[in-house]
Amino acid sequence: MPVILKQVSWSQEADQVTIRVQFPENYLRPEEVFTSEQFLKINKPPYYWEALLANPILDRESRCAILENEVVFNLRKKEPGLEWTLLELDVPRGERVRLKEELLAAHQKRLEEESKQRLVEKDQKKKEEISRQIERDGNDRTAIENLLHAAKQRELERMAEVKRKDTPRPKAPPPKKEAPPPSAVKKPAPAPLPAIRQSATLQVSFTERNFVTPSRESREPEERDWIQKQSAAKKAIGFVDDDLRPEERNPEWLKAKGDSFFQQQNYLGAISAYTAGIRLTDKYYSLFLNRSAAHFALENYQRCAEDCSAALELLVPPIEANRKARVSCLARRGAALARMGFVRQGYEEMVAAARLDPQNDALRRDAELLGRKLEEEGSSDGD
């Protein structure tokens, strides 16, 4: 049987109403307190309290404080200046149940509409951010191309100047000597004509061609096999296509690019940047760890847990220098497992992270929260 909380007091001012519900030694969590436009509820088994308000309130502007021995509701009146004569509606039980169901249904419908609106706004914001990022990248690329073009022009001008300085000046032509009279010039005797060459047949041999040739001379299977072998060799030594810019072949640059996307809440862009860095090297734990954070933000908990595991495999041997990174991996993987429904495994991961960083109060509170949730599930299964 539920225990109804009866020690309730209330007071009002011109624009707000204050309700105090006595709840000694309470361990309420925010999700165990419900507020809507005209209905309040506390549901902490076996304790229960509800109020069907006589007048509506602005629930978005109202506040609830969970104190050590009481719960305090500061409710903003929907009609400021209206004096409340009663706190709750005095109606029969059947009418009360009907009104409560209608209020809960209206509250649920409003929450669904707001959720849809947030999704639409989030999607629009993401599209706008992608457009702005594309524009920024285009501007950066244009600026780099302009710098390269200016540097090229300066180098060409410098080379032309050096060439101009190194080119010797043309010398004046020597004075012409007077030609002797024709009678004084002796003509040389004509050279004898060479003998007529004998005819013969030349033998010509060609080297074998192993490259792309016209179809009539093609050895396509051998050439394809050669190209595949060269491609495999290039991949083995970390080959990257020549048309990529130098900074795109740098994992550290790609990590910084992903971090910039993440700070702008462009999580899809961050995942793409981290993934490009991982393709270049799968030995850089920060790429996996940061990509797990982006997956967690997008609620891709399975991918988040996989990236945390990959980062932990690279964080060996476990030393003080990589302790904080291991704490982040364990805590994030525990949170992802708990979100997927594996509460016990998530609790164990969170406890391991808290042991590695005993000064972190937030980790300790999260571990205690998962522990209480695990105990509640166990008690409900036992019932």
task = Could you identify the single residue in Ile42, Ile19 that is assigned to a strand (DSSP E or B), in contact with a strand residue (DSSP E or B) (Cβ under 9 Å, 6 or more places away or on another chain), surrounded by 13 or more Cβ atoms within 10 Å (Cβ to Cβ) and in contact (Cβ under 8 Å) with a residue 60 or more places away in the chain?
result = Ile19
request  = Those residues that are outside any loop (DSSP other than H, G, I, E, B), under 17 Å from Asp59 (Cβ atoms) and not aliphatic (A, V, I, L, M), I need them from segment 22-39; list them, please.
outcome  = Pro30, Glu31, Glu32, Phe34, Thr35, Phe39
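Are any residues in segment 30-39 open to solvent by 20 Å² or more (accessible area, probe 1.4 Å), of a type outside the set (A, V, I, L, M) and touching a residue at least 12 places away in the same chain (Cβ under 8 Å), and if so, which ones?
At the first step, the residues of segment 30-39 found to be open to solvent by 20 Å² or more (accessible area, probe 1.4 Å) are 30-35, 37-38.
Next, from what is left, pick out any that are of a type outside the set (A, V, I, L, M): 30-32, 34-35, 37-38.
Within segment 30-39, Pro30, Glu32, Thr35, Glu37, Gln38 qualify.
Identify, from the list Glu32, Glu68, Glu83, the residue that is touching a Lys or Arg at 6+ places or on another chain (Cβ under 6 Å) and more than 30 Å from Gln264 (Cα to Cα).
None of the others qualify; the one that does is Glu32.
Condition check: at pLDDT below 90, open to solvent by less than 90 Å² (accessible area, probe 1.4 Å) and either in contact with a helix residue (DSSP H, G or I) (Cβ under 6 Å, 6 or more places away or on another chain) or closer than 30 Å to Lys122 by Cα (or both). Does Leu374 satisfy that?
Answer is yes for this residue.
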key: Options Val162, Val97, Val72: the member that is at pLDDT below 90, of a type outside the set (D, E, K, R), at negative phi and surrounded by 11 or more Cβ atoms within 10 Å (Cβ to Cβ)   = Val97
remark   = Within segment 65-94, residues more than 25 Å from Arg29 (Cβ to Cβ), in a loop (DSSP other than H, G, I, E, B), free of Cβ contacts under 8 Å to residues at least 60 places away in the same chain and not hydroxyl-bearing (Ser, Thr, Tyr) come out as Lys78, Glu79, Leu82, Leu86, Leu89, Asp90, Val91, Pro92
query = Of all residues in segment 45-64 being in a strand (DSSP E or B) and under 15 Å from Val8 (Cβ atoms), which is most open to solvent (accessible area, probe 1.4 Å)?
reply = Tyr47
key: segment 337-366: number of residues that are open to solvent by 70 Å² or more (accessible area, probe 1.4 Å), part of a helix (DSSP H, G or I) and of a type in the set (A, V, I, L, M, F, W, C)   = 0
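The values are calculated or read from the model by the stated rules, or taken from the named source; none is laboratory data. Since this is a predicted model, take the numbers as computed values, not measurements. No Cβ is skipped: glycine too gets one built from the backbone with ideal geometry, and neighbour counts run over all protein chains shown. Heads up: the accessible areas ignore ligands, DNA and RNA and are worked out on the full protein's heavy atoms, side chains in. Shrake-Rupley method; radii C 1.70, N 1.55, O 1.52, S 1.80 Å.
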